[in-house]
Structure formats: C-alpha cells, structure tokens
Amino acid sequence: MTSDNLAAHMKLERYSTAPSPSSCLTIDDGSYPTLARALTFDEDEFFEGLPGALIAYLDSMFFVDSDVLPSWDGNEPDESLISHPFVRTRTGNVVIAAPHELMVTLRHAICLEATRYDCHAQLQEALTAHAARLTRNLCESLFDDDPTEDISTGLTLLRGAIDTDKMLEIRSHIPSLEASSSAVFADALTVAAPPAQLADTGERRLTVDVFWMLGRDFNLLTPNENHHLCTTFEDLETILFTSGTHKLSLWYFAEALDRLNDNDTTVLHSGLADLYGLYEESDESFYAGDDSPPPTALVVESDYSEALRVRISQRLGRRFVHIANVVHESFLVHGASTSVCEVFAPPRVIFSGAMIRTCG
C-alpha cells in the first residue's frame, strides 16, 4: 500500500520502467520550492488536533533536533536518521530526512515496541494469522476441494488433493521479529527448510515451503529433495499470478527442476521466481537441446523475475481503496482492456468501473 500511495503521489505507475541512468541530475530553478515543500512540513500543523499523549509519543519515537544529530561520514547508512527521520530545524520546520526508508523506520519502531512491552509472541501470532489468510487466498484454487488447514504460531499448513491423484502440501514459516540487538538493520536471517515429510506408500506429493522475510536480509538453505520447492511468499505470488499458470503448473515446474538436479547441475539463483521466469521463457523447460550436454552450472539472473513482475503488475493493476475506514485490495478484472475493478471487501466483492479512479 505504501508503494501504491507513493507512486500515485508522484504520478507514476508501480513497476514503471525506470529511465536510463544519468551521471548528471539537472533541476531547474523553479522546481526547488516544489521539491522542498514535498519534504518539509510545519510541526504545529502536523500535530494539530492530536491528543497530547500521542504528540509526546510521536515526538519521542520519530523526531530529533538537528543540533543533536551525530555527524555522518557518508559511507554506511545513517541509522540515527532512519530511526528518527523527522528532523526539527532551527527555523521551526520539520524535514523528512529519509523518505525512501520510512518502511524501515516503521518496522524498527514495531520491533522496539514489541520488546518494550514484551509482546513478540503475540506479534508473531498475529503475523502467522495474516500469513495464513494470504496464503489460503492465493493457493486455495489449486486444490480439488477445500484443503485441510493447520495453524500454530510461526507455522501454517495447507494440504489437499490436486488433479485427483496428487497431493499438495504448502508450509508457511513466519519467524519472530525478536532480534539480539536494537539496531535498525537486523542481522541477516538464515533459515533451513525442513525435509519434506515422507509420503505414504504410492502417494505422489509436492511440498512447497514458503518463508516470510518480514523486512530482513534473508538466506535460505534448501534441501536437495525431489518434489520439494522452497520460496518466499512474494516469489510464490509472482509464479501463480503469471499468465497461463494453472493448477498443475507448480507440479510440472518441480518435475522439470528435479530433472535438472538429476544431471548434477549446480543452480545459482536469487529466488524461485527467477528460476520460474527462465523456465517459462524456455517453453516451460530447462532442456538445453540435443546439441549440448547438460550444464554443470546454471546461473539465473534476476531479470527473469523482474520481467514477470512487470507484466503481472500491468495486468492486475493492484490498487488499494478505503471503504468505511478500512483498506481493501482491488484488481483490474480484464487487465488493461477495461477499467472494471474488483474490490475484495469480505464478505463482499465489489465490481466498479469508477472505483479504479479512486484506488490509491
């Protein structure tokens, strides 16, 4: 939702193609006041009408006087500015010092408050419920019937039949946000996917482990097992939203990946969506052709997943709308062909051709 609002404010579309890099940024003199106003606000106007306790809380959590800011060497990211991005100047104005890092600021504040009030367990429980809802909404159409669902703090499981004679098991892993220090940038999260459970005799099963990064740098160690995929929720969403994907797409993709691994090919990639992008571009195969032996190593660039995400974004047109002070997601029904928008507002689904103009 944050990127959606930011794009609308800048009159851009999400996933718009970036302009070519330039070594020189030229700003005409008339644009300086406009740019300054975008990053500056009056403190009294900002706090007008808010309760005194809330003002004191926001001031202590996010505001800092410019006189007390530590010096910065210009090399490493300035954690003091990211944790307190609203800088109070001597003139009484407030400058947003790190607008592109406000989501990092929010995440850091949530972690600090959870530590202060000793509620990391409750926070992880709420994140688990959120992950379970999004995973079920994304994946339930893959199953023949309603899948069974098991939820415990930090782990959710969807299991059911696909194509009558196959089983699909989707395990979501949601780590705690509790960290060993109060640093803005938490240590990289390194996790290992657990082995897939042994299938019953004669059962054909695909296991998909889905990990939620929750704003951390992330290292995922995957077991070398057949019919076992490991990914993040964002990559799984990209794969399942790709045009032409159907109920057995993950199954066929896993089989193709197993054949590649059977050739002792070392595969290096930054995410499963990169691999799927290469697979999709190669007519749903990793086969290199009859004229060359199987590769000993395969390095997959992130361009493949980027191309998928751009196409999906343009087709779905995901936006956010406010209805009765609740934020709901909306999608284009017919892609760019029409402006008909489908808004998911449980228990209702609203269709509107005009809603798209207010999304964002």
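The values are calculated or read from the model by the stated rules, or taken from the named source; none is laboratory data. Nothing here was measured: the structure is a model prediction, and the numbers come from that model. All Cβ positions, even for glycine, are placed from backbone atoms using ideal geometry, and neighbour counts span all protein chains on display. Note: areas computed on protein heavy atoms with side chains; ligands, DNA, RNA excluded. Shrake-Rupley method; radii C 1.70, N 1.55, O 1.52, S 1.80 Å.
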Quiz item: When the residues of region 186-214 are filtered to those that are of a type in the set (S, T, Y) and farther than 16 Å from G271 by Cα, which remaining residue is surrounded by the fewest Cβ atoms within 10 Å (Cβ to Cβ)?
Solution: T201
Quiz prompt | Single residue of region 334-360 satisfying the filter (in contact with a His (Cβ under 8 Å, 6 or more places away or on another chain), open to solvent by less than 80 Å² (accessible area, probe 1.4 Å) and part of a strand (DSSP E or B)) that is modelled with the highest pLDDT | solution = V343
Practice problem: Report, ordered by the first and then the second residue, all pairs with beta carbons closer than 6 Å, sequence separation of six or more or different chains, a first member in region 238-259 that is farther than 20 Å from N226 by Cβ, and a second member that is of a type outside the set (A, V, I, L, M, F, W, C). | Solution: T238/R309
Quiz prompt | Subset tally (residues that are at pLDDT below 85, over 22 Å from A56 (Cβ atoms) and open to solvent by less than 70 Å² (accessible area, probe 1.4 Å)) for region 80-125 | solution = 3
Quiz item: Among (1) without any contact (Cβ under 8 Å) to a residue 60 or more places away in the chain; (2) within 27 Å of A132 (Cβ to Cβ); (3) open to solvent by 10 Å² or more (accessible area, probe 1.4 Å), where does V267 come up short?
Solution: (2)
Quiz prompt | Sole residue being within 30 Å of S66 (Cβ to Cβ), free of Cβ contacts under 8 Å to residues at least 40 places away in the same chain and of a type outside the set (A, V, I, L, M), chosen from E101, E140 | solution = E101
Practice problem: Only residues that are hydroxyl-bearing (S, T, Y), open to solvent by 60 Å² or more (accessible area, probe 1.4 Å) and either at pLDDT 95 or above or out of contact with any helix residue (DSSP H, G or I) (no Cβ under 8 Å at 6 or more places or on another chain) (or both): list them for region 153-182, please. | Solution: T153, T164, S180, S181
Self-check item: Tally, over region 191-213, of residues that are out of contact with any Asp or Glu (no Cβ under 6 Å at 6 or more places or on another chain), of a type outside the set (D, E, K, R) and not in a loop (DSSP other than H, G, I, E, B)
Solution: 6
